1. Given only helices, namely DSSP H runs of n ≥ 4 each adding -39500 (n - 2.57), what is the per-residue ellipticity at 222 nm of the chain, to the nearest 500 deg cm²/dmol?
2. For the stretch 27-155, what does the alpha-carbon gyration tensor say about shape, rounded, prolate or oblate, given a ≥ b ≥ c as the root eigenvalues, a/c under 1.5 as rounded, and a/b over b/c as prolate?
3. Please work out the FRET efficiency for the pair residue 153 and residue 114, using the Cβ-Cβ distance as r and a Förster radius of 41 Å; give the result to the nearest 0.05.
4. Which residue, 14, 98, 49, tops the fluctuation ranking in a GNM of the chain built on C-alpha contacts under 10 Å?
5. How far is helix 67-78 tilted off the main Cα axis of the chain, in degrees rounded to 10, range 0 to 90?
6. Rounded to the nearest 10 degrees, what's the angle between the helix 30-39 long axis and the longest principal axis of the chain, both from Cα atoms, 0 to 90?
7. Rank the residues 3, 60, 127 as a footprinting-exposure proxy: fewest other Cβ atoms within 10 Å of their Cβ go first.
8. Hey, what angle do you get for helix 139-152 against the long axis of the chain, alpha-carbon based, 0 to 90 degrees rounded to 10?
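Rule-based calculations on the coordinates, nothing more; no lab input. Since the model is a prediction, treat every value here as computed from it, not as a measurement. When we count neighbours, we look across all protein chains shown, and the Cβ atoms used for this are built from the backbone with ideal geometry, even at glycine.
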Amino acid sequence: MRFVVDLMLGNLSRWLRILGYDTIYGIKDDDELLKISKQQKRILITSDRNLARKAVDVVFIKNGLKIEEQLILLKKTLKLRIPKEPQLRCPECNTPLRKAKKKEIEELKERIKKENKKWKETTNVYFCKNCKKFYWEGSHWRNIKKILLNVANSK
């Protein structure tokens, strides 16, 4: 499954990427969203009723739902697979992540120490070649896993 998400659902687009789904986000023009959805065979996810009426393959998400509720809705509506672990796609730019090299991890550790932050040893550090950002299993990772587990276990 591949998605294109309207601007009102930026947090959801990040979560779909965390789940490993190829997700386009940041398109301002409704006609462009519809075009991308149709041409690239992507499911349009929107909270704009008028836009939803114009689309063929669409999921409407009403405003005010929390991220867990949005993911549960997609799980039920699309039979969306919810992994219990975050996947390897950059939540910022949608680029597949790669495992960081030892040298990069050492440089990251030094940078964090210079910023007077604590580095907790972790075995998994990932790198986005497009954003030049690193991702690792910190406290935020535990929070992500908790939400994924709640969504995966929902009925």
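1. -12500 deg cm²/dmol
2. Cα axes put the stretch 27-155 in the prolate bin.
3. Efficiency, from the Cβ-Cβ distance: 0.50.
4. Highest fluctuation among the options: 49.
5. Taking Cα atoms only, the helix is inclined about 50 degrees.
6. For helix 30-39, the angle is close to 80 degrees.
7. Ascending Cβ contact count within 10 Å gives the list 60, 127, 3.
8. That helix lies at roughly 40 degrees to the long axis.
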